[in-house]
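Okay, so here's the structure we're looking at.
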Amino acid sequence: MRKFAETCEAIAGTTKKLLKIGIVAEYFRSRTVEEASVSAVFLSGRPFPAYDETTLQVGGRLLWQALEALSGKSAAELSAAYRRFGDLGAVAGEVLGGGSGHGEEDKPSLRSAGQTRASVPTHTGEAGALVPSQDQMGASGSRLAELTAIEAEAYFRRIAGARGPAAKGALVRELLKRATPLEAKYLVKIMTGDLRIGLKESLVEEAIARAYDATLAQIQRAHMLVGDIGETLRLAARGALGEAHMRMFLPLGFMLASPAESAEEALSYFEQASVEDKYDGIRAQAHVSAGEVRFFSRTRDEITESFPELPDALAGLPQDAILDGEIVAWSYSEEGAGRALPFSALQQRLGRKKVSAELMRRVPVVYLAFDVLFAGGELLLERPLRERMRALDDLLAAERVTHHRDTETQRKSGEQGRFIFGVDPGPVIERVIRAPFARVSKPEELEELFTAAQARGNEGLMIKDLESPYTPGRRGKSWLKMKRELATLDVVVTAVEYGHGKRIGVLSDYTFAVRDGERLVNVGKAYSGLTDVEIAEMTKWFLEHTVDDQGFRRAVEPKIVLEVAFNNVMKSDRHESGYALRFPRIVRLRPDKSPEEADTIERVEEIYRRQDGHGQ
Ligand code: AMP
């Protein structure tokens, strides 16, 4: 990890993109393929490959405690360091390098983090990870073999597998004891999921191309297909990029949308749009092969087991296929018309290992399919949406799954297909629905659809360029989203935390509450959407009005009122109010309001009920 850490320092030390790429490429070449492959994942800011479902489950608090124990520093000293850097990794590099000599698990001073100047690795062919090349001083004062990236990954896996904070904490301390302060800095950064050295994954792709004499296009394509930067590197190193092929049950990246403020703006990017409702559920990629069906979330986790009623609905597809769509909670009304419910309804179905029949009946779900990425043995990503839509229709028609057609046609033909609006779902509930769409080229038409989508209780619209390819993992202007503005809440700030990155050293993360009689009960936490000047002023105010300094976090006098916007209200036991706001955003400060004028828990309950359709 020594070279890895030095390389990271060198990358952080320059803003020049080409230089960063050169440094990373040189580093890759100096390592064994295995070591380079693991490092490529680390350089993307992750402990494990993107497709891997393993998570460390190591939070800031646990790392904080490990640093406290290893450095022997007081909470105040750690807080001061954290305030200076706003980043636990940098804090680790600093406090473990100090060698205060007072800690229970005292660590002799090794190389201090700050001293190790960016040295660009230049030797090629140096002994790689599998053969530890250099001895170094370990925390116990004895000489330990250098920690390799491969060993670090093995530690990460053990930490992920350990049960409970005590077991995890012990392993984290063991790992950090093996490391020099500079290595610890980057190990902690990887554990927090953000290296903050100004290296995007796209630059890692460029570095792989440079290191192994491939074109960027070849790397990007392979990466998209295998879904793992480390595997991409291995293929490139073997000169085997051509072998990259789409694999069933290995999720591809998801295409993402950019926001559009108005109908005019939305239609300014392309001529003809295909417009669908924006449903508030879970994005899911369905892989169907030889009767086996699995669903993957946007984080590429498998979520099939939460929705046991869905696989059967797709198992009968005539060909292997990969579909893109949204899983939503669904309401079948009296006359058979259906509609999607908001996320709060679906929430009851999430995170369960076992889903009871009763729950499936109470909260039915459907898969609203809107795209197809692979069918008939062919990858369709590069085909325009217009063609992919036709392919999707063909697929689902063959299965006679639901189509957006009128009731009359269905009655006349006696089809069993299940329809989306105003149609009898019949005794057999089909659970796959082709998301209804409309072709639109005028802003007025879009406005009309937007109003209709909202009237159906959906979030707004998705507006898609009919000529666009499917670009996994990218947020471009080919897909746009237009959302409704929900009501806002006036809330009171009760606790604050230091920010990250650009917000180092300022108190920019706010926990906020609504009134519950005489009390205040927390409902959410948001990163500040305020201006830098406002944040600076607020930081000063919060420092002067802290009631409890907990190091990481400060409880503050409940005086500051904010207006927050959000997508939804959810039931949650995270906050004492019993509710949480989904995607809260701070709209503005409300200095004109006193805490007594803040909104109440009753108002939150009312918004919650209304969004569930009771009051609509
Ligand atoms: P956002 O999460 O606000 O960035 O919006 C993008 C998300 O909207 C996607 O990841 C999907 O989960 C969701 N979504 C809902 N309906 C659709 C749709 N018809 N097409 C694409 N995405 C949709």
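Residue under question is F542, and the condition is that it be away from the ligand (no atom under 16 Å from the Cβ), open to solvent by 40 Å² or more (accessible area, probe 1.4 Å) and touching a residue at least 40 places away in the same chain (Cβ under 8 Å); does it hold? Show your work before the answer.
Numbers: away from the ligand (no atom under 16 Å from the Cβ): yes; open to solvent by 40 Å² or more (accessible area, probe 1.4 Å): no; touching a residue at least 40 places away in the same chain (Cβ under 8 Å): yes.
No: the conditions fail for F542.
Only one of these conditions is not met by A453: (1) open to solvent by less than 10 Å² (accessible area, probe 1.4 Å); (2) of a type outside the set (F, W, Y); (3) farther than 17 Å from N568 by Cα. Which number is it? Here A453 clears every test but (3).
All but one of (1) open to solvent by 10 Å² or more (accessible area, probe 1.4 Å); (2) over 26 Å from the mean Cα position of the chain (by Cα) hold for K278; state the number of the condition that does not hold. Every listed condition holds for K278 apart from (2). Residues in region 296-305 include none that are over 28 Å from R352 (Cβ atoms), among the acidic types (D, E) and within 16 Å of the ligand (Cβ to nearest atom). Would you confirm whether or not region 586-593 contains a residue that is open to solvent by 30 Å² or more (accessible area, probe 1.4 Å), within 16 Å of the ligand (Cβ to nearest atom), assigned by TED's automatic domain parsing to the domain that holds Y608 and among the charged types (D, E, K, R)? No, region 586-593 contains no residue that is open to solvent by 30 Å² or more (accessible area, probe 1.4 Å), within 16 Å of the ligand (Cβ to nearest atom), assigned by TED's automatic domain parsing to the domain that holds Y608 and among the charged types (D, E, K, R). Scanning for something surrounded by fewer than 22 Cβ atoms within 10 Å (Cβ to Cβ), hydroxyl-bearing (S, T, Y) and modelled with pLDDT of 95 or more, does region 306-324 turn up at least one residue? No: zero hits.
Would you pick out the residues in region 266-287 that are away from the ligand (no atom under 13 Å from the Cβ) and in contact (Cβ under 8 Å) with a residue 40 or more places away in the chain?
Step one: of region 266-287, the residues away from the ligand (no atom under 13 Å from the Cβ) are 266-272, 286-287.
Within region 266-287, A266, L267, Y269, F270, E271, Q272, A286 qualify.
For region 435-465, a tally of residues being in contact with a Phe, Trp or Tyr (Cβ under 6 Å, 6 or more places away or on another chain) and modelled with pLDDT under 90 returns 1.
Quick check: is even one residue across region 246-262 in a strand (DSSP E or B) and either more than 16 Å from the ligand (Cβ to nearest atom) or more than 27 Å from the chain's Cα centre (by Cα) (or both)? Lay out the reasoning, then the answer.
At the first step, the residues of region 246-262 found to be in a strand (DSSP E or B) are 256-259.
From the residues that got through so far, the ones that are either more than 16 Å from the ligand (Cβ to nearest atom) or more than 27 Å from the chain's Cα centre (by Cα) (or both) too are none.
No, region 246-262 contains no residue that is in a strand (DSSP E or B) and either more than 16 Å from the ligand (Cβ to nearest atom) or more than 27 Å from the chain's Cα centre (by Cα) (or both).
Enumerate the helices (runs of 4 or more DSSP H) found wholly within region 184-245, keeping only those where 1 or more residues are free of Cβ contacts under 8 Å to residues at least 24 places away in the same chain and surrounded by fewer than 20 Cβ atoms within 10 Å (Cβ to Cβ). It would help to see each step written out before you state the result.
Details: elements: 201-211, 216-226, 229-237.
So the answer is 201-211, 216-226.
Being out of contact with any His (no Cβ under 7 Å at 6 or more places or on another chain) and open to solvent by less than 30 Å² (accessible area, probe 1.4 Å): is that true of A75 here? Please lay out each step first, then the result.
Numbers: out of contact with any His (no Cβ under 7 Å at 6 or more places or on another chain): yes; open to solvent by less than 30 Å² (accessible area, probe 1.4 Å): no.
No: the conditions fail for A75.
Could you identify the single residue in A273, A263 that is within 21 Å of S478 (Cα to Cα), among the hydrophobic types (A, V, I, L, M, F, W, C) and out of contact with any strand residue (DSSP E or B) (no Cβ under 7 Å at 6 or more places or on another chain)?
Working: A273 fails: out of contact with any strand residue (DSSP E or B) (no Cβ under 7 Å at 6 or more places or on another chain).
Going through A273, A263 in turn, just one is within 21 Å of S478 (Cα to Cα), among the hydrophobic types (A, V, I, L, M, F, W, C) and out of contact with any strand residue (DSSP E or B) (no Cβ under 7 Å at 6 or more places or on another chain): A263.
Among the residues of region 348-379, those identified as surrounded by 18 or more Cβ atoms within 10 Å (Cβ to Cβ) and within 16 Å of the ligand (Cβ to nearest atom) are R349, V365, V366, Y367, L368, A369, F370, D371, V372, L373.
Would you confirm whether or not region 569-584 contains a residue that is within 16 Å of the ligand (Cβ to nearest atom), touching a Ser or Thr at 6+ places or on another chain (Cβ under 6 Å) and touching a residue at least 24 places away in the same chain (Cβ under 8 Å)?
Filtering region 569-584 down to residues within 16 Å of the ligand (Cβ to nearest atom) leaves 570, 581-584.
Going one step further and asking which of them are touching a Ser or Thr at 6+ places or on another chain (Cβ under 6 Å), we end up with 570.
Going one step further and asking which of them are touching a residue at least 24 places away in the same chain (Cβ under 8 Å), we end up with 570.
Within region 569-584, one or more residues are within 16 Å of the ligand (Cβ to nearest atom), touching a Ser or Thr at 6+ places or on another chain (Cβ under 6 Å) and touching a residue at least 24 places away in the same chain (Cβ under 8 Å).
On the basis of being among the aliphatic types (A, V, I, L, M), under 23 Å from R362 (Cα atoms) and more than 19 Å from the chain's Cα centre (by Cα), does A321 make the cut? It is false that A321 is among the aliphatic types (A, V, I, L, M), under 23 Å from R362 (Cα atoms) and more than 19 Å from the chain's Cα centre (by Cα). Note on region 15-55: residues that are in a loop (DSSP other than H, G, I, E, B) and in contact with a helix residue (DSSP H, G or I) (Cβ under 6 Å, 6 or more places away or on another chain) amount to 4.
Conditions (1) outside the structural domain of A369 (by TED's automatic domain parsing); (2) closer than 26 Å to R349 by Cα; (3) out of contact with any strand residue (DSSP E or B) (no Cβ under 7 Å at 6 or more places or on another chain); (4) of a type outside the set (A, V, I, L, M, F, W, C), marked per residue:
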residue	(1), (2), (3), (4)
R210	yes, no, yes, yes
Q218	yes, no, yes, yes
L235	yes, no, yes, no
Y269	no, no, no, yes
G281	no, yes, no, yes
R294	no, yes, no, yes
T299	no, yes, yes, yes
I303	no, yes, no, no
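The set of residues in region 475-497 being away from the ligand (no atom under 16 Å from the Cβ), in contact (Cβ under 8 Å) with a residue 60 or more places away in the chain and open to solvent by 10 Å² or more (accessible area, probe 1.4 Å) consists of A487, T488, D490, T494.
Going by the conditions given, is V293 open to solvent by less than 20 Å² (accessible area, probe 1.4 Å) and within 16 Å of the ligand (Cβ to nearest atom)?
no
Can you tell me which residue is farthest from the ligand (Cβ to nearest atom) among those in region 430-474 that are aliphatic (A, V, I, L, M) and under 18 Å from G281 (Cα atoms)? Top of the filtered list is A455. All told, A257 falls short of being buried (at least 17 other Cβ atoms within 10 Å of the Cβ), in contact with an Asp or Glu (Cβ under 9 Å, 6 or more places away or on another chain) and touching a residue at least 24 places away in the same chain (Cβ under 8 Å).
The values are calculated or read from the model by the stated rules, or taken from the named source; none is laboratory data. Just so we're clear, the structure is a prediction, and the values are computed from it rather than from any experiment. Every residue, glycine among them, receives a Cβ derived from its backbone with ideal geometry; neighbour counts consider all protein chains shown. The accessibility values were calculated without ligands, DNA or RNA, using every heavy atom of the protein model including side chains. Shrake-Rupley method; radii C 1.70, N 1.55, O 1.52, S 1.80 Å.
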